[in-house]
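> Here you go, one structure.
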Amino acid sequence: MFALGKLFLIFLNPVLWIVAVLLYGLFTKPARRKKNCYTAGILMLLFFSNPFIIDRLTVAYQEKKYTPAKNEVYSAGILLGGFSGFNEGDGEVYFNAAADRFIQAAELYRTGHIRKIIVASGNGNVFLDKAFREADFVTEQLQNLCIPAADILADRDSRNTVENAVNTKKLIDSLHLQPPYLLITSALHIPRALRTFRKAGLDVKPFPAAFTAKPSNSFFPDDVLIPSADALAAWKGYLREVCGNILYRILGRG
């Protein structure tokens, strides 16, 4: 199921759909069908590269920004991984665009809103060297920020959100940490993660980070009229979360 899920995600990419339609038009022989394929491909490209459409959909789906009150304190903040990865080219680990999760978790600890940080992340790649565990890297980086090792807990075996929730529940129960807990992950990932963690029996409150789109009351012509490569790329993350949420519900995981 894990491998099939990864394979499923590969096809949640509008670029592949557009290329497939255009290639079909290139190799098909009937002139009318060829014309229809080219027309459909161009229309699909204009739709999926429109920043206004994907931004509005993302803002409507993702969790809204949340700022804890001054006296709001939690026994633990659950930091979901996926914001760093191992590069086989040079053997180094790099942060990615979702690294705001890490920053926000460290800041929540520094300001006293969370007493402990639970890093939930193993290795979610199918073919990558299984020796790498993201939780180990993140733990080291948090310690570099002078956060005591005693206040950092790690689930280094989970590969996806379901396993994040199950393993974190076991860890919390073993340490008798009192609920509720802050769930720290990307704003777009919050809806799926929140349902999954609550399904696992954890009383969590969402703390969204790494926003890919922000609310706006003003629109410029280029937001609506000019195609954007960034908008085209943003669909992959959006579709992954929406379809993943639906799939989790069907399978009873969230």
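> Which numbered condition trips up residue 147, out of (1) touching a residue at least 40 places away in the same chain (Cβ under 8 Å); (2) assigned to a helix (DSSP H, G or I); (3) over 17 Å from residue 83 (Cα atoms)?
Unmet for residue 147, out of (1) touching a residue at least 40 places away in the same chain (Cβ under 8 Å); (2) assigned to a helix (DSSP H, G or I); (3) over 17 Å from residue 83 (Cα atoms): (2).
> Run residue 90 past the list (1) crowded, with 19+ Cβ neighbours inside 10 Å; (2) of a type in the set (D, E, K, R); (3) free of Cβ contacts under 8 Å to residues at least 24 places away in the same chain and report the number of the one that doesn't hold.
If we test residue 90 against (1) crowded, with 19+ Cβ neighbours inside 10 Å; (2) of a type in the set (D, E, K, R); (3) free of Cβ contacts under 8 Å to residues at least 24 places away in the same chain, just (1) comes out false.
> May I ask you to list the residues in region 58-87 that are surrounded by fewer than 16 Cβ atoms within 10 Å (Cβ to Cβ) and either over 30 Å from residue 231 (Cβ atoms) or in contact (Cβ under 8 Å) with a residue 12 or more places away in the chain (or both)?
Once the filter is applied, which keeps residues that are surrounded by fewer than 16 Cβ atoms within 10 Å (Cβ to Cβ) and either over 30 Å from residue 231 (Cβ atoms) or in contact (Cβ under 8 Å) with a residue 12 or more places away in the chain (or both), region 58-87 yields 64, 65, 66, 69, 70, 71, 72, 73.
> Would you please name the residue that is modelled with the lowest pLDDT, looking only at residues in region 159-203 that are among the charged types (D, E, K, R) and within 20 Å of residue 249 (Cα to Cα)?
159
> Here's a follow-up. For region 212-244, enumerate the residues that are of a type outside the set (A, V, I, L, M, F, W, C), at pLDDT below 90 and assigned to a helix (DSSP H, G or I).
221, 222, 223, 244
For every residue, the table says whether it meets (1) closer than 22 Å to residue 170 by Cα; (2) of a type in the set (A, V, I, L, M, F, W, C); (3) not assigned by TED's automatic domain parsing to the domain that holds residue 196.
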residue	(1), (2), (3)
92	no, no, no
95	no, yes, no
99	no, yes, no
107	no, no, no
115	yes, no, no
120	yes, yes, no
125	no, no, no
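> In this structure, is residue 154 surrounded by fewer than 16 Cβ atoms within 10 Å (Cβ to Cβ) and within 23 Å of residue 73 (Cα to Cα)?
no
> On to the next question. Look at residue 153 and say whether it is more than 28 Å from residue 61 (Cβ to Cβ) and either at pLDDT below 95 or not in a helix (DSSP H, G or I) (or both).
Judged against the criteria, residue 153 is a match.
> Let me ask something else. For region 157-179, give me each residue that is assigned to a helix (DSSP H, G or I), among the polar types (S, T, N, Q) and crowded, with 19+ Cβ neighbours inside 10 Å.
161, 164, 167, 168
> Out of curiosity, is residue 24 at pLDDT 95 or above and either closer than 24 Å to residue 185 by Cβ or surrounded by fewer than 12 Cβ atoms within 10 Å (Cβ to Cβ) (or both)?
It is false that residue 24 is at pLDDT 95 or above and either closer than 24 Å to residue 185 by Cβ or surrounded by fewer than 12 Cβ atoms within 10 Å (Cβ to Cβ) (or both).
The values are calculated or read from the model by the stated rules, or taken from the named source; none is laboratory data. All values derive from a computational prediction rather than experimental measurement. Cβ: placed from backbone, ideal geometry, glycine included. Neighbour counts: every protein chain shown.
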